[in-house]
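> I'd like to ask you about the structure that follows.
The values are calculated or read from the model by the stated rules, or taken from the named source; none is laboratory data. Please read these numbers as outputs of a predicted model, since none were measured by experiment. We place every Cβ from the backbone using ideal geometry, glycine too, and count neighbours over all the protein chains shown. The accessibility values were calculated without ligands, DNA or RNA, using every heavy atom of the protein model including side chains. Shrake-Rupley method; radii C 1.70, N 1.55, O 1.52, S 1.80 Å.
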Amino acid sequence: MTYTLPELPYDYSALEPYYSGENLELHHSKHHAAYVAGANTTLERLAEVRGTNDFNSLVGLEKTLAFNISGHVLHSIFWKNLVPGGGGQPEGELAAAITEHFSSFDAFRAQLTQASILVQGSGWGALAYEPLGKKLVVEQVYDHHGNLGNGSVPLLVFDVWEHAYYLHYRNVRADFVNALWSVVNWEDVSKRFESARKLDI
Ligand code: MN
């Protein structure tokens, strides 16, 4: 099985005015597509390496594999985390868990906002479920795969690579992050929380 680029669950212009259709189209059809291709190519290269039994290139390939698969996974989650007409606040068990682990929704929102804005270089802010302590945590991801707690499951992710926003928001990353809150699909985030809570480590 090879990886494929998923269709967006909405039109490219559907998240306007919070996210321009032109930026979203490039982001999905070019940038996300590159990680899909990169993951497939790297897996092919690894199969070749196993065939020759010469593992000199293995370390670089493993890094490339982690980068591309993680990029594909995070973008696949990101598109579904957004929805036209979204925003507001979660309800039910997710809302209760956010209050329990961050003291309030506003405190959580401030932490995820700042974790996203303050990424040095390229990366993501993420709300994640940590299954050993059964906690919600905010993570600051470098590139697509650095600075992560092992086992954590991303529930809500904000892409703050320059490719994600530069066409629309130029250098003002903070405006992009603040705009994303207006299109969060809390139903999707809640569904991910429900399924992550079944994990046992
Ligand atoms: Mn991206």
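> Residues being within 16 Å of the ligand (Cβ to nearest atom) and either open to solvent by 40 Å² or more (accessible area, probe 1.4 Å) or outside the structural domain of Arg109 (by TED's automatic domain parsing) (or both): count how many of those fall in segment 155-175.
Summing the residues that are within 16 Å of the ligand (Cβ to nearest atom) and either open to solvent by 40 Å² or more (accessible area, probe 1.4 Å) or outside the structural domain of Arg109 (by TED's automatic domain parsing) (or both) in segment 155-175 gives 4.
> Taking Leu118, is it open to solvent by 20 Å² or more (accessible area, probe 1.4 Å) and farther than 30 Å from Arg50 by Cβ?
Taking the combined requirement at face value, the residue satisfies it.
> Follow-up question, since we're still on this one. Can you name the number of the only condition in (1) open to solvent by 30 Å² or more (accessible area, probe 1.4 Å); (2) closer than 20 Å to Asp175 by Cα; (3) within 16 Å of the ligand (Cβ to nearest atom); (4) in contact with a Pro (Cβ under 9 Å, 6 or more places away or on another chain) that Val83 fails?
For Val83, the exception is condition (3).
> Ile201 fails exactly one of the following numbered conditions: (1) buried (at least 19 other Cβ atoms within 10 Å of the Cβ); (2) among the β-branched types (Val, Ile, Thr); (3) not assigned by TED's automatic domain parsing to the domain that holds Val138. What is the number of that condition?
Every listed condition holds for Ile201 apart from (1).
> Here's something else I'd like to know. State all residues of segment 41-80 that are β-branched (Val, Ile, Thr) and either within 16 Å of the ligand (Cβ to nearest atom) or modelled with pLDDT under 95 (or both); if no residue qualifies, say none.
Across segment 41-80, the qualifying residues are Ile69, Val73, Ile77.
> Could I ask something else about it? I'm checking my understanding of the structure. Among residues of segment 117-144 that are of a type in the set (Gly, Ala, Ser) and more than 11 Å from the chain's Cα centre (by Cα), which one is farthest from Arg192 (Cα to Cα)?
Step by step, filter segment 117-144, then rank; the result is Gly121.
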